[in-house]
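Below: the structure, in structure tokens.
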């Protein structure tokens, strides 16, 4: 199913201010949720993967993860752009940490066993917006695939 809502795309270097302030955790969670929703099938495997990734990355208790996911889902539902999320990530994280975010996004996109073309496009766009080079994006994908294979 084609997603019809328009996205306003700006890169890390753009001077525009986000429409609302977001925390780093909320920004990461929102992008993970957007990756899961991109194929119009936000299933239990993707939801569980997002929960595990957020808990591990931010050292959160299950209740905190649930609250963060609920907040992020709300923000994604009412946002027509990625910029508030990608801008926060660019502003707060170094290159290595941004590559980790891309790897997390790959894990979500691949968690249902199928890489939808819309998911692939989204990850390419987000990597560009948070200034992760294609080579690093590709290596992050390989690591995510290897981890997925070893966990099965």
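The values are calculated or read from the model by the stated rules, or taken from the named source; none is laboratory data. Remember, it's a predicted structure, so these values are computed and weren't measured experimentally. We place every Cβ from the backbone using ideal geometry, glycine too, and count neighbours over all the protein chains shown.
What residue, among those in region 37-63 that are in contact (Cβ under 8 Å) with a residue 40 or more places away in the chain and under 20 Å from residue 88 (Cα atoms), is farthest from the chain's Cα centre (by Cα)?
Within region 37-63, the subset in contact (Cβ under 8 Å) with a residue 40 or more places away in the chain is 38-39, 41, 43, 45-46, 48-50, 53, 57.
Of the ones still in play, those that are also under 20 Å from residue 88 (Cα atoms) are 50, 53, 57.
Numbers: 50: 9, 53: 11, 57: 13 Å.
That would be 57.
Scanning region 1-56 for residues that are under 16 Å from residue 81 (Cβ atoms) and at pLDDT below 50 yields a count of 18. Looking only at residues of region 123-138 that are out of contact with any helix residue (DSSP H, G or I) (no Cβ under 8 Å at 6 or more places or on another chain) and in contact (Cβ under 8 Å) with a residue 40 or more places away in the chain, we find that the one that is nearest to residue 93 (Cα to Cα) is 128. Give the residue, chosen from 64, 72, 55, that is under 13 Å from residue 26 (Cα atoms), in contact with a helix residue (DSSP H, G or I) (Cβ under 6 Å, 6 or more places away or on another chain) and surrounded by fewer than 18 Cβ atoms within 10 Å (Cβ to Cβ). Result of the check over 64, 72, 55: 55.
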